[in-house]
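The values are calculated or read from the model by the stated rules, or taken from the named source; none is laboratory data. What you see is a predicted model, and the numbers here were worked out from it, not measured in a lab. Backbone-built Cβ (ideal geometry, glycine too); neighbour counts: all protein chains shown. The accessibility values were calculated without ligands, DNA or RNA, using every heavy atom of the protein model including side chains. Shrake-Rupley method; radii C 1.70, N 1.55, O 1.52, S 1.80 Å.
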Amino acid sequence: MKNVLIMNLARMGDLVQTTPVLTGLKEKYPKVKITLLVNSVFSEICDFIPYFDRIVILELDKILSEIKNGNIIGCYSYVKSILDEINTVYYDLIINFAHTPPSAILMSLIDAKEKRGLSIDKEGYSIKLHPWIRYFFNLLPGRNYNPFHLCDIYLLASEIIPFRKGLHLSVSEESCNWLQSLFSTNNIRPDDLVIGFQLGASSEDKRWPVTSFARLADRLIEEFKAKIVLTGSAKETQFGKEFEEECEYRVLNLIGRTDLRKLVAVLHKCDLVVSNDTGPLHIATAVGTTTLDISMASVYFRETGPYGDGHYVIQSDIACSPCTFGRTCTEMICKDTINPDIVFEVVKKILSGEDLTFIKDSSFWQDVQVYRSFFDKDGLINYCPLIKRSLTKKELFISIYRETWPVILDKEPVDHLTAASKIMKRLLNWYIIDMQAVSEMVQQDLIALESIQNFAYTALVKIGLISKEARKPDPDIAWIKDTWKIVPELDREIETIGNTYSTLKPLTTLFKYGKESIQENDLKSMASSAMSLYEDLIKHASLITEILKSLPDLVQESTGKATNIEEFLEDRLPRVSHIP
Amino acid sequence: MICKEADKIFSKNIETLRQWDSRLSQRVLSASEAGDIDLISSQSGAISLAIGNHTIHSKYDPIKEAKDWINFYLEKIEINDTFVIFGLGLGYHVIELARRKDAKIFVFEPRTDVLKTAFKCLDFSPYLGRITFITDKIVPFIKGKFAILKYKPSIKMYETYFLEIREKLEVLKRINSGLKIMVVGPIYGGSLPIARYCVSALENLGHRVEFVDNSIYEETFFHLKNVTKNREHVNYILHSFTDLLSEAFKARCCEFKPDFVLALAQAPINKGALSELRKYQVPTAMWFVEDFRLMTYWQELAPMYDYFFTIQKEPFFDKLESSGVKNFHYLPLAASTNFHKKLDLSAEDKENYASDVSFVGAGYYNRRKFFEGLTDLDFKIWGNEWDGATSLKKFIQRNGQRIDPEEIVKIFNATKVNINLHSSVHHEGVNPFGDFVNPRTFEIAACGAFQLVDYRSELPLLFELDKELVCFENLNDLRKKIFYYLKHEDEREDIARRAKDRILKEHTYEHRMEEMIDFLFERGLAFPGWNRGKDDIDNLLKKARPHKELWEFLSKYQDKVTELGLDDIIKDIQSGRGSLSRVEKIFLFANSVKDFYFPKIERSLE
């Protein structure tokens, strides 16, 4: 692997979340030259991203302004010049992490040996290249059952698991010096407890109320004499003003007063950052600062929460959380469930110096759950619930999918018993399990899984026959067409099951995307690709079935032997080290 | 210097021209040659021309020069059948083109005396059937694609003239490559189907049409009409409703950005909307398919439209003129031949719809009275609003329910003698002063069906009476003709066939829409100033020169359109099939950037 192009035209946070891939690529292929293709609006952050060799900046604004002025030649020339710049190198691999229609078309214009990500075929139809990229698109319909973080999906699509875990950004010495003098003029001493607050977020619904942040600050200052530092961009100045009006004490308001370089230094210097799910949360994580992510509305920590060992998430635990994408909620109860007292208690526990691995449930914690992040044995991030509660169907399937998706997508060998016992061990540690209830809970899903296998098997047999006929020197096309007729019907049946059983939707959706992405032109190869998709579907459905069926016995065996959470985490959670 | 046989050549040319364009031949004959025209002998021996200080043809070899000039154009032009040449001189290049291409040629030359001189020098007569000379600024409506060939020595001399002609030809090119036309229909009534036929005809002619179909509000309109018995209140409500629909129309207009708006009679567009469109220079046309005597709202609205089309001539024209309406034009109704056509009826249809005599239409006063005189015949009355016509009860089909347009076509086809009596609210039968011709006349004829129609003063302008169409003047006359034609099936069929042929030749909605656009062009149609994000195709090609791939891609549009924008390119790509080229992908990328990021940044109507 000599040359790799990483495309990411998305936001700043997304760019930071690409850093594990860069790290992994450099570890696996030490001589690789990595080119980054980024959107100019968010390119500044690349100054702090290590492990890449070249950057190409795409000015989308320029394209928009040329179109607006009706200058199609100017628009063409600009895009062409960027393409020429990108194509000065022939790439062994391009990975498109942008997932947008423009990025898909752009990908088709770049020359490379192998492409992964959203692209278009030669006739312009969208195709998702690589099983884990197809999985990414499955996030939307199958979101509630997704166990993988965005960073990890990027890694899985890149087929690397780095040794150096987490996000990576560098901090400049110059800005550290600037910060030191700023702190000293503002009466913040080196041994003071500094807590950063990120009040803004990319949208209103993702923002924890400023008044709540202010109440939290009051208590932290009163009980810990903490120095509160507000971070944010110039667009967020209003939140800073509101905060200063609400808060009883003086804080260091740096909103709109730092460029990206200084912001990185500020977040690096904090002992803890309390933040909405937005860019600075990921920057803080990347510079090694412990973070507490307040996760509300459509934000789902499993996808975009802090990516690193020993960070914390407070997630609203109400039925509608997280909201479906694109929905406008008029009654954001989730924001009320996460009240300042709850956040204060979590911060207090983090700051206590004790290793926070367990929170005793009580009515105080009603409607919220607190998670702690850690890198699991598979090298991917995981979030351990700190309050032990009854196992829900959702959590059960998340745990199952965590084990089964790699088996299907990476073709990893596994036997259902090993997988089931791994899952059971974890569930017993993290949840209160009533196996009788669990059995009843999944009864219908088992029937549905069987149906999926039956439909897929029928289709597989038909396509097998078609494939056989297609290989003949003079295939009977009329017969092939006639035999094919039933296949779309069977696909619809499979899709219907996914629509009816939300737990199985990830399975059926990914199968559908797979079929849409079959690129071969000749009948033989098409049949062979389709057969492999049906085989995978059958394998996956059967694996889940076997796991579900073996769970009751495993629970039986484990009764009275449940280990505690520390054993499971194997002391892998680093202690919070900045507490004075 | 002039050739020896000048007089002979001139007579031959002028005689031939007279056969094709007698007015021009007259003008050429009477043109007096100005003193600046100087004929000189070139080195090759052929005559050359200088006007004042300008040399128009080569002094060495004007014939070779003409050949080179034609070669230059023919190499890069794909069009083969229609050419427009700017500048005549002595016409070496015109004759060379006519010799090489069996094409129509339009030659613009601002000076008739130059044409006269050319006629004395070269023999144009073998080609005059396909060469049109234009020496004024009236640009004929050239249909289809054409290529403009510029003879620079002439252009240099009369730049302003050629610029003006070029502008008009640009409009024509744009018309020929398809306009964006917004058609606005009424909420209900007789002009509604006509609006739909216009839409379909315009589309058939290659235009892009947005139909503002207000019939979706019919139910609401009638609910509002009956909301209270207080007429004053109802009037206010309906007025407000029309204002609302006017707003909706304006909004759609902003989005669609039409080249012009065609409103059918009764279209709910208020004066405010019309004056706003005028402000934005969006041309508006109304086809007033109503009787101006009965429907007098034209007095208020006609001056607000840029173009006004009528189905009546005098005295309506006089009245329009005195109301300050400038661009009005007579545009009779027509038939939609996709819809109104001869059918091969099933036995069941024949059983349901056949009769000796039938009438399809609403129960107007004159019809109720008149049809009592046909009650001894195998007579069927189809249509609605016949309530209270007790003496006709057994003839009224389906209790006077509204009949679908599809069924009407079947009735026309199944009836031996279709009666067509124009409506009147005053007369007992035939209106002796009736002028305009109703749609039914054209529709029955288009079906190849036979009709007897009450005499209208405009009928002889549209059909040859007795040969293509038979009229009646009163009940006795009608009865006599019914009996005659029921007995003479062959005659009936011959007349119907001829009427149908006439329709196909002259009276389809496609003909009308063409005539309408022709009139708009003649009256100096200018396009609105929407920011269309488009650029002139020649300009684009010039700018695209450094990019070979792009230039080749854009070249294919050269003879098809005058201007081109990203939207046009995308539409074209999306309608295509097969593998995408690199250039196509680049444009698709730019367009997807616009769609994906533009809404987040800024989107404005213009």
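Values for this structure:
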read-out: Table column - 3J(HN,Hα) (Hz), segment A:394-404, Karplus curve with 6.51, -1.76, 1.60, x for Gly and Pro; value: 4, 5, 4, 5, 4, 5, 5, 4, 4, 7, 8
read-out: Proximal lysines to B:LYS12, defined as alpha-carbon separation beneath 23 angstrom and excluding residues fewer than eight positions away on the same chain; value: B:LYS4, B:LYS101, B:LYS104, B:LYS116, B:LYS120
read-out: Proximal charge balance of B:GLU159 [Cβ under 12 Å; K/R count +1, D/E count -1]; value: +3
read-out: Segment B:342-389: GluC sites (Glu not before Pro) in DSSP loop, at most 15 other beta carbons within 10 Å; value: B:GLU385
read-out: Cα centroid separation, segment A:279-341 to segment A:191-244 (Å); value: 16 Å
read-out: Set A:LYS2/A:LYS165; B:LYS137/B:LYS556; B:LYS143/B:LYS505 screened for pairs whose C-alpha atoms are more than 20 Å apart; value: A:LYS2/A:LYS165; B:LYS137/B:LYS556
read-out: For segment A:219-358: accessible area per residue (Å², 1.4 Å); value: 39 Å²
read-out: Heavy-atom accessible area per residue - chain B, 1.4 Å, Å²; value: 48 Å²
read-out: Theoretical gain in end-to-end length, B:LYS560 to B:GLN19 [0.36 nm per residue, Cα-Cα removed]; value: 191.4 nm
read-out: Among B:PHE371, B:PHE442, B:SER457 the positive-end extreme of the charge dipole of segment B:366-490 (Cβ point charges); value: B:PHE371
read-out: Accessible area of A:TRP430 in the full protein assembly, 1.4 Å probe (Å², nearest 10); value: 10 Å²
read-out: Counting DSSP beta bridges with both ends in chain B, the antiparallel % (nearest 5); value: 15 percent
read-out: Non-local Lys pairs in segment A:375-438, i.e. 8 or more apart or on different chains, that have alpha carbons under 20 Å apart; value: 10
read-out: B:ILE216 versus A:LYS122: modelled label distance in nm, points set 7 Å from Cα along the beta carbon direction; value: 4.2 nm
read-out: Helix axis angle, A:19-28 relative to chain A longest principal axis, alpha carbon, degrees; value: 60 degrees
read-out: Too-long pairs where the Cα-Cα distance tops 20 Å, listed order kept, from A:LYS31/A:LYS113; A:LYS113/A:LYS515; B:LYS76/B:LYS152; B:LYS59/B:LYS152; value: A:LYS113/A:LYS515
read-out: Between helix A:237-246 and chain A: long-axis angle, C-alpha atoms, 0 to 90°, nearest 10; value: 50 degrees
read-out: Within segment A:196-257, GluC sites (Glu not before Pro) in DSSP loop having at most 15 other beta-carbon neighbours inside 10 Å; value: A:GLU248
read-out: Protein accessible area in the protein assembly as shown, 1.4 Å probe - carbon and sulfur %; value: 49 percent
read-out: Positive minus negative residues near B:ASP306 (Lys, Arg vs Asp, Glu; Cβ under 10 Å); value: +3
read-out: Rounded to the nearest 20 debye, dipole of segment B:30-181 from Cβ charges on Lys, Arg, Asp, Glu; value: 580 debye
read-out: Whole-number percent relative contact order across segment B:232-287, with pairs defined as alpha carbons under 8 Å at least 6 apart; value: 39 percent
read-out: Principal-axis tilt of helix A:416-430 within chain A, Cα atoms, nearest 10 degrees; value: 20 degrees
read-out: Alpha-carbon centroids, segment A:100-156 and segment B:258-292: separation in whole Å; value: 50 Å
read-out: For chain A, calculated [θ]222 nm from helices alone, where every DSSP H run of n ≥ 4 adds -39500 (n - 2.57); value: -15500 deg cm²/dmol
read-out: Proximal aspartates and glutamates to A:LYS472, defined as alpha-carbon separation beneath 14 angstrom and excluding residues fewer than eight positions away on the same chain; value: A:ASP522
read-out: A versus B: buried accessible surface, summed, Å² (probe 1.4 Å, to nearest 100); value: 2900 Å²
read-out: Solvent-accessible ranking of A:GLU535, B:GLU170, B:GLU514, largest area first, probe 1.4 Å; value: A:GLU535, B:GLU514, B:GLU170
read-out: Selection from B:GLY87, A:VAL407, A:SER298, by position along the positive dipole direction of the protein assembly as shown (Cβ); value: B:GLY87
read-out: Neighbour net charge for B:ASP477 - beta-carbon separation under 15 angstrom, K R +1, D E -1; value: 0
read-out: Accessible area per residue in Å² at 1.4 Å probe, computed on segment A:1-61; value: 37 Å²
read-out: Cβ charges +1 (Lys, Arg) and -1 (Asp, Glu), total dipole of chain A, debye; value: 780 debye
read-out: Convex hull of Cα atoms in segment B:215-362, direction-averaged projection (nm²); value: 13.3 nm²
read-out: Size of charge dipole - chain B - debye, nearest 20, with Cβ of Lys, Arg +1 and Asp, Glu -1, no other charges; value: 1040 debye
read-out: Global form of chain B, assessed from the alpha-carbon gyration tensor, a/c cut-off 1.5; value: prolate
read-out: Value of D in µm² per second that Stokes-Einstein yields for segment A:1-129, Kirkwood Rh from Cα pairs, at 20 °C (1.002 mPa s); value: 142 µm²/s
read-out: Distance histogram for the protein assembly as shown (every C-alpha pair counted, 10 angstrom bins, percent rounded to whole numbers); value: 2, 8, 12, 13, 14, 14, 13, 11, 8, 5, 2, 0, 0
